[in-house]
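These notes concern the structure reproduced below.
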Amino acid sequence: MGAVLSGFLVIWLIIGVGWIIGRFGVLGSEARVVLSRVAFFVASPCLLFVTISESSLRQVLGPQFLIAALGALTTLGVFILVGRFLLLRGRSGSDLMIGGMSGSLVNAANLGFPIAAYVLGDIALAAPIIMFQLAVYTPIYVTALDLLTRDQGSTRQVRPQPRISALRSLGQSAVNPMIVGATLGLVFSWQEWHFSEPVQESIELVAGASIPLMLLAFGLALVGSRPLDKSADRRRDVLLATALKLVLHPLLAWVFAALVFDLEEPQVLAAVVMAALPSAQNVLVTAVRYQTGEVIARDTVLLTTIAAIPVVVLVALLLG
């Protein structure tokens, strides 16, 4: 219980600093966008590289990795299908993508390691879901948003050539900093390569700024915001994403861990606790980067970061 509350307290303290900075205008009106772009283009790619390159692929590419992948991608698909055909008709593809990410991308970097260490008793249990999100999920949603937002922002032509456009878009997505960082990390881990100590230390220092920048940017985004504001017309999106994140995602993790892979109880607990973590702040960073779904990302991260505390405690009590 104390470890769970401690992990959440660290997050809220840094978010609070971001809110104070924004409330008093210390960094100016463009601070949120600048911090988000630094996190997206510079610090997060370094974090991707460092985390993946220093991980053992054999240790993390097991059942927990598959459970993380199946749970997250299923939750993403459920949001998009329900949103497209039932509750959220008329939403853009990028809005649906951000909503699905909000319901399926967990705050593993901030809470995964401390909760794995102090609640589950083994810090390595956080590695599979972090590896999945960094090495697999990030390239998927970055590429999807590249395609979706480029299509929405492009001018309509008389005779479009979708094949050429798609190939060009995929080529541009391939050089996206997040994808480059993840790809290089996989190659270095596979080949067991290492940079020289000064270069590696420089990359690690920049990588260490990623999570604080995300949290500060989130705190800045809260200034003047009204969660679930009716005028924003995104209340249903946020509530759907929140329900999927805190209910469906952990439930899917239990189904896959206990019924499909038939894991032992400690492993089932680990899978469900990791899935029950709140939405990751980098969903908002990504939304700001692509200028789409910012309200959905911000409000879902806020609500799940509050509500996930009793959810994680309940999971620990029921399965522990």
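The numbers here are math on the coordinates, done by the rules we state, and not lab data. No experiment lies behind these values; they were computed from the predicted model shown. Here Cβ is always computed from backbone atoms with ideal geometry, including for glycine, and neighbour counts include all displayed protein chains.
Here is how the numbers come out for the structure above:
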{"item": "Mean separation of Cα contacts under 8 Å (6+ apart) over length of the chain, as relative contact order %", "result": "35 percent"}
{"item": "Ranked packing of 175-186, 238-249, most packed first, by mean Cβ within 10 Å", "result": "238-249, 175-186"}
{"item": "Cβ crowding within 10 Å averaged over residues, with 210-216, 40-46 ranked highest first", "result": "210-216, 40-46"}
{"item": "Whole-Å semi-axes of the ellipsoid equivalent to region 1-73 (Cα gyration tensor, √5λ, descending)", "result": "32, 19, 11"}
{"item": "Anisotropy class of the chain from Cα gyration tensor, a/c 1.5 cut", "result": "rounded"}
{"item": "Listed residue (Phe79, Ser44, Ala280) projecting farthest to the positive dipole end of the chain, Cβ model", "result": "Phe79"}
{"item": "Region 190-269 shape via C-alpha gyration tensor axes, a/c threshold 1.5", "result": "oblate"}
{"item": "Cβ-based net charge around Pro128, under 12 Å, with every Lys or Arg adding one and every Asp or Glu removing one", "result": "0"}
{"item": "Over the chain: helical MRE at 222 nm, DSSP H runs n ≥ 4 each giving -39500 (n - 2.57), nearest 500", "result": "-21000 deg cm²/dmol"}
{"item": "For the chain, with +1 on Lys and Arg beta carbons and -1 on Asp and Glu, the positive-most of Met178, Ile306, Leu96 along the dipole", "result": "Leu96"}
{"item": "In Hz, Karplus ³J(HN,Hα) per residue of region 233-243 (6.51, -1.76, 1.60; θ = phi - 60°; x = Gly, Pro)", "result": "6, 10, 4, 5, 4, 5, 5, 5, 4, 5, 5"}
{"item": "Packing-based ranking, highest mean first, of 25-38, 274-287 given that Cβ atoms within 10 Å are counted", "result": "274-287, 25-38"}
{"item": "Cα gyration tensor shape of region 167-320, rounded if a/c is under 1.5, else prolate or oblate by comparing a/b with b/c", "result": "oblate"}
